[in-house]
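Inspection log for the structure reproduced underneath, given as structure tokens.
Only the coordinates and a few stated rules stand behind these numbers; no lab work does. Worth saying up front: this structure is predicted, and the values here are computed from it rather than measured. Because the Cβ atoms are built from the backbone with ideal geometry, glycine has one as well, and the counts that use them run over all protein chains shown.
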Ligand code: GLA
């Protein structure tokens, strides 16, 4: 055996992660209304991701740290009942039909005013009271992943048009790629994203405040008291929102800044450089303690960086699992919040005959001390 092979085999033994890709399926419980939920585990070199059909949610992503020790780097629950009981945190979910907020749940399209359910301080959040995160999706196994699909009927949560959604999760060396495709039979608005909470420490307990974040963005969208964008694209320069150079998340989170006070930390949309539809790097997170690095690329025009401010330690499910404030961070690649009420923002309107495609990739690597 050559020295190189010996090294590869030793690495596989210590990381416990297959170099060969594979997909396996297992049951993950039953919803209170009797629907069976499955979990698919996708393996490729340096990554193992588990995705379940309830909410098309990422339930685990296992990656090695700088010493090869593998751990789960996303927050979640060990069983389905935890996910069902927790109605407000959207762990790992695909959120839709409209990710993030629509002011007062109202928007106009082709002269019609639509009212969608309000579930967050008089606004509509993440698709309303029963968004896509709370539905059981159908799944099709792929050679290197799984495709989750959903048909959201005309009028579902007040939105016009039957929206057909396909979300493909695939794994490739160290990365989890998400390809979205949606189409409608009537003009509608749509904004899909993934709501994983990353905890690169891998213990689900250490806060993200020591993580170093880079956001590839010069502007962000400031918000009103209920987290609705004012419409302004404000420069990040000279503010705690400037992550153009890698900066520790906790460095300025408690600054005396009106925007940080409104959200209780970071919970804002950053305007990415480069056009909508063009793949670009959105964010990079480095955990100095474990050496784990997460790089996020996307074709979306924005990213919601949320520092887990509303995680409050409430226990959910039979196992009473809880998550404390700031123990996870979200990088929700998206169109801007409340776009239907801001004609100057990139449009979220989808017309019949069109297919909206977008791609986001989470790549994991490690960095030496
Ligand atoms: C998004 C929102 C936050 C919060 C979380 C879910 O990130 O912007 O305000 O609602 O989802 O808890």
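What FRET efficiency comes out for the pair residue 314/residue 130, r = Cβ-Cβ distance, R0 = 22 Å, nearest 0.05? Taking R0 as 22 Å, the efficiency between residue 314 and residue 130 is 0.60. At R0 = 56 Å, how high is the FRET efficiency between residue 187 and residue 262 if r is their beta carbon distance? Nearest 0.05 is fine. For residue 187 and residue 262, the calculated efficiency is 0.95. Each principal axis of the Cα cloud of the range 29-366 was evaluated for its coordinate range; sorted largest first, these ranges are 57, 49, 37 Å.
You can think of it this way: the chain between residue 154 and residue 289 has 43.8 nm of extra reach, that is 0.36 nm per residue less the Cα-Cα gap.
Sort the following peptides by mean Cβ neighbour count (other Cβ atoms within 10 Å, averaged over residues), highest first: 138-148, 39-49.
So the order, starting with the most tightly packed, is 39-49, 138-148.
Here the spin labels are modelled as points 7 Å beyond Cα on the Cα-Cβ line, and at residue 36 and residue 112 they lie 3.7 nm apart.
The Kirkwood radius of the range 78-163, taken over pairs of alpha-carbon atoms, gives through the Stokes-Einstein law at 10 °C and 1.306 mPa s a diffusion coefficient of 112 µm² s⁻¹. When the convex hull of its Cα atoms is viewed from all sides, the range 306-351 shows a mean projected area of 5.3 nm². Using a Förster distance of 45 Å, how high is the FRET efficiency between residue 355 and residue 205, based on the Cβ-Cβ distance and rounded to 0.05? Between residue 355 and residue 205 the formula returns 0.60.
Could you give log10 I(q)/I(0) at q = 0.20, 0.21, 0.30 Å⁻¹ for the range 126-179, computed by the Debye formula over C-alpha point scatterers of equal weight, without solvent? Listed by q, the Debye log ratios stand at -0.76, -0.81, -1.16.
Only helical runs count toward this figure. For the chain, summing -39,500 (n - 2.57) over DSSP H runs of n ≥ 4 and dividing by all residues gives -2000 deg cm²/dmol at 222 nm. Ordered by the count of other Cβ atoms within 10 Å of each Cβ, fewest first, 97, 66 give 66, 97. If the chain linking residue 121 and residue 79 were pulled fully straight, counting 0.36 nm for each residue of separation and taking away their Cα-Cα distance, it would gain 12.1 nm.
Each 10 Å bin, from zero up to the one with the longest distance, holds this percent of the alpha carbon pairs of the range 50-102: 22, 45, 24, 8, 1. The packing ranking of peptides 112-123, 196-207, highest mean first, is 196-207, 112-123, where packing means the average number of other beta carbon atoms within 10 angstrom of each residue. Across the range 18-57, the convex hull enclosing all Cα atoms gives 52 Å³ per residue.
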